[in-house]
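Structure first, commentary second.
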């Protein structure tokens, strides 16, 4: 009877599938989560790039060098453009978990053109303002509704742009 049981092949495919299915399911959901993470990272990088481009096109009068201060509503407007892609406050965030405008920081630095070698729109021998936009956004997992916790994961991006004053 034991030899006859060992020769049976009728349930072999089901047993093999039961052994392999958890691995295949984990691989499938893991690749979906990884793709979502890279997509979310891309959205944050693009948003920060858009925010830096917006801030760089503000008036020269809004930037004070060599102090590196930013005046007017440039900081708040840049935060809104970066987070929601809208100038007005209260728009829909680009990512579901990106609810805090303070997660976007806008600063300015000044680079000296003191050598006077380069004659630019700023003039020779003047300070050139550069705007720096940074964002740190909490990552929200695709599978957070079923208990997969992604706490602590942050999507970070930084972009610099020379102020053109257009």
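Things to note:
- Among the candidates 30, 35, residue that is out of contact with any helix residue (DSSP H, G or I) (no Cβ under 6 Å at 6 or more places or on another chain) and farther than 23 Å from residue 84 by Cα: 30
- Test: residue in the range 47-67 that is surrounded by 11 or more Cβ atoms within 10 Å (Cβ to Cβ), under 23 Å from residue 149 (Cα atoms) and in contact (Cβ under 8 Å) with a residue 12 or more places away in the chain: no
- Elements of type helices (runs of 4 or more DSSP H) contained in the range 1-92, each with 1 or more residues being under 30 Å from residue 130 (Cβ atoms): 12-56, 74-84
- The range 71-83 - residue that is surrounded by fewer than 21 Cβ atoms within 10 Å (Cβ to Cβ) and in contact with a helix residue (DSSP H, G or I) (Cβ under 6 Å, 6 or more places away or on another chain) and, of those, nearest to residue 46 (Cα to Cα): 74
- Pairs, first under 30 Å from residue 68 (Cα atoms) in the range 131-155, second at pLDDT below 85 and surrounded by 15 or more Cβ atoms within 10 Å (Cβ to Cβ), C-beta under 7 Å, six or more apart: 137/97; 138/97
The values are calculated or read from the model by the stated rules, or taken from the named source; none is laboratory data. Worth saying up front: this structure is predicted, and the values here are computed from it rather than measured. Neighbour counts are summed over all protein chains in view; Cβ atoms, including those assigned to glycine, are modelled from backbone coordinates with ideal geometry.
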